[in-house]
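Where a number appears in this text, it was derived from the coordinates with a stated rule and is not lab data. All figures in this text were calculated on a predicted structure; none of them were measured in a lab. Cβ placement follows ideal geometry from the backbone for every residue including glycine, while neighbour counts extend to all protein chains displayed.
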Amino acid sequence: MKKSLAMLAFLTFASVAPCFALDVVYPKTQTVTINSPKTFFAGSADVKKTLTINGAEVQVDKSGGFARSVKLDEGENIFELKSDDEVLRYVITRPKATASSAVENRFVEFDNLKYGKISADNTPLRSTPIDGGINRVSHLQAGTLLVTDGEQNGFYRVILGENSVGWVDKNSVEITPNGTSLADFYGYDYIDGDDYFTFIFHLNRRIPWEIREGENQSLEIKLYNVSGEAENVYFYDFPTKLATGGRNLVGYGAEYVGEDLHVKIRKPLKINPKKPLKNVVVTIDAGHGGSELGAVGCLGNKEKDLNLTNAKKLERVLNSKGAKVVMTRSDDRDMSLAERVKVANDSESAVFISLHGNSIPDNGDPEKSRGFGVYYYYPEAKPLGEYILHNMQSKLPLENNGLIQASFYVVRNTQALSLLIEAGYMVNPEDNAKLLNKKVQKQLAKSVADGLEEYFRSQQRSF
Ligand SMILES: [Zn+2]
């Protein structure tokens, strides 16, 4: 509020020449609490005027954007941003450090085993009692039965056979008065269909499972807590070439239908070498939308708009290459992550690409944060990511931050080959100016489309 009054006053009195008014997009308000030894300012100013923060000159990019890191002392920090006669005053409070009152976070073992049932679909089974990072073993469905021997940090420790354990958020488990530890396994069937190879493991109850991509084109399937198996684990090492003909995996997933676990492995697409993307179903996801702006660029531009622009450009290029494009959104609207995943899975898309612009945390450094990155979660999507990254590196005037494994909801829960692309840092003035450049946007779309095309050309199905 203060800021707009100041700007109004400025516009009223400085009527001689049209000016690019000083505007700050971060911090969002002029009085703010930030619990960090450093933070930053980002915004826009007239490039012809000298911009200072507490007297120190700040370079303004020719696009008008600026960004500068600042140190914070404990207590109140006052910052004065001056662009000639325009002045904006910020009061940033860094709370005083207090002695940590955190309860000691140790494992508490139960006197007796407890039995429980997963209460919601998509509940992560984790390898460590931490909510975050790449520690997911699998996602468990409602009704999956568990045995737990203790708790830590809000997680139950779950018994997985005789020699391993996993962790499940206590809020996702309903403890039952009694239960049994082991399931019966009655063998498996498979269906060798046109598009999918499906295993059906017959059980008498839903138990925790794990599927990993093994070293030499295999899928390691483990069913935990099965009676009569060594260490109570049923292990099946499936050579994926039976389903893929030796090509890369292009998607797999598992779900219970009743008490049977269905493991579906997608078969590689039949590729036309002259038009490798012909009829390939690709979901393009423009990140954020509606009330969720995403990152805000130095010039006040919003990530949700940039993502949509880039998504539409990519849609056009992919259409011209014969792909069947599905958009999670084609206009500015609110959309949950679950809805985006549903669009990709319902359309049985072979590829899911989520487009974003990067943001940084309160204590990030906008001057040093620059460049694009491609993110995958499942190893099967890594080769596709490499093709796209290689194209981005050769076509885009931005730094390359590489191919990175990370746990994004939309990438993790889609059954397609899934990637998330961060095109650049919107809070970095130079990156942001490039991201707004139509030529760069066109090159981004072309990079992704060419990468997809090269990947599928390399994956022609030979049977
Ligand atoms: Zn984003």
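Taking 0.36 nm per residue of sequence separation and subtracting the Cα-Cα distance, how much length would be gained by fully extending the chain between Glu292 and Ala120, in nm to one decimal? It would help to have the intermediate numbers written out before the result.
Numbers: separation 172, 0.36 × 172 = 61.92 nm, distance 2.59 nm.
Here the answer is 59.3 nm.
Given 37 °C and 0.692 mPa s, how large is the Stokes-Einstein diffusion coefficient of the stretch 338-396 in µm²/s, with Rh as the Kirkwood radius over Cα pairs? Intermediate results must be reported in sequence, preceding the final value.
Numbers: Rh = 14.0 Å.
It comes out at roughly 234 µm²/s.
On a C-alpha basis, how far is the centre of the stretch 172-210 from the centre of the stretch 321-371 in Å? Whole number, if you could?
Cα centroid of the stretch 172-210 versus Cα centroid of the stretch 321-371: 33 Å apart.
Suppose the Debye formula is applied to equal point scatterers at every Cα of the chain; what is log10 I(q)/I(0) at q = 0.07, 0.09, 0.10 Å⁻¹?
-0.47, -0.74, -0.87
Can you compute the modelled spin-label distance between Thr180 and Ala338, with each label point 7 Å from Cα toward Cβ, in nm?
Going from the Thr180 label point to the Ala338 one covers 3.3 nm.
Counting other beta carbons within 10 Å of each residue's own, what order do Lys382, Lys342 fall into, fewest first?
On the way: Lys382 17, Lys342 14.
Least to most surrounded, the residues fall as Lys342, Lys382.
Of the cross-linked pairs Lys71/Lys439; Lys267/Lys324; Lys324/Lys439; Lys321/Lys439, which ones have a Cα-Cα span greater than 28 Å in the structure shown?
Lys71/Lys439
Taking 45 Å as R0, compute the FRET efficiency from the Cβ-Cβ separation of Gln59 and Lys278 and round it to 0.05.
On the way: r = 49 Å, r/R0 = 1.08.
That pair, Gln59 with Lys278, gives E of 0.40.
For every helix of n ≥ 4 consecutive DSSP H residues, a contribution of -39,500 (n - 2.57) applies; sum these over the chain, divide by its total residues, and give [θ] at 222 nm rounded to the nearest 500 deg cm²/dmol. Walk me through the numbers on the way to the answer.
Numbers: 8 runs with 91 residues, N = 463.
Helix contribution divided over all residues of the chain: -6000 deg cm²/dmol.
Give me Lys313, Lys96 ranked fewest to most by other Cβ atoms within 10 Å of their Cβ, as a rough exposure proxy.
Taking fewest neighbouring Cβ atoms as first place, the list is Lys96, Lys313.
Report the longest stretch of the chain that contains none of the GluC sites (Glu not before Pro) sitting in a DSSP loop with at most 12 other Cβ atoms within 10 Å.
Working: sites that count: Glu74, Glu104, Glu162, Glu215.
Counting at most 12 other Cβ atoms within 10 Å as exposed, the longest clean stretch of the chain is 216-463.
State, to one decimal in nm, how far the label point of Val108 lies from the label point of Thr29, with both points 7 Å from Cα in the Cβ direction.
Placing both labels 7 Å beyond Cα along the Cβ direction yields 3.7 nm.
Taking the stretch 194-260 as the region of interest, what is the percent of Cα-Cα pairs per 10 angstrom bin, listed from the shortest bin to the one with the maximum distance?
Per 10 Å bin, starting at zero, the Cα-Cα P(r) for the stretch 194-260 comes out as 18, 49, 28, 4 percent.
Starting from the Cα gyration tensor of the stretch 160-213, take the square roots of the eigenvalues, sort them a ≥ b ≥ c, and report rounded, prolate or oblate (rounded when a/c is under 1.5, otherwise prolate if a/b is larger than b/c, else oblate). Present the calculation step by step, with values, prior to reporting the outcome.
On the way: a/c = 2.26, a/b = 1.82, b/c = 1.24.
Verdict is prolate for the stretch 160-213.
Return the Rg/Rh ratio of the stretch 281-458 with Cα-based radii and a Kirkwood Rh. Provide the component values of the computation, followed by the final result.
Details: Rg = 14.7 Å, Rh = 15.8 Å.
That ratio is 0.93, to two decimals.
Could you pull out every whole DSSP H run in the chain that spans at least 27 Å of Cα extent along its own axis and averages 1.0 or higher on the Kyte-Doolittle scale? Write down the numbers at each step before the final one.
On the way: long enough: 438-458 (30 Å, -0.88).
Answer set is empty.
Excluding same-chain residues fewer than 8 positions from Lys264, which aspartates and glutamates have a Cα within less than 16 Å of its Cα?
Cross-link targets: Asp189, Asp192, Asp194, Asp195, Glu210, Glu213, Glu220, Asp237, Glu255, Asp346, Glu348, Glu380.
When Val325, Val374, Val233 are ordered from fewest to most other Cβ atoms inside 10 Å of their Cβ, what list results? Don't skip to the end; give the middle numbers.
Details: Val325 21, Val374 26, Val233 17.
The fewest-first ordering by Cβ neighbours comes to Val233, Val325, Val374.
Which of the listed residues, His202, Tyr234, Val257, is farthest toward the dipole's positive end in the stretch 185-266, when Lys, Arg count +1 and Asp, Glu count -1 at the beta-carbon?
Val257
Per 5 Å bin from zero, what fraction in whole % of the C-alpha pairs of the stretch 108-176 is there, up to the bin with the longest pair?
4, 20, 32, 29, 13, 3, 0
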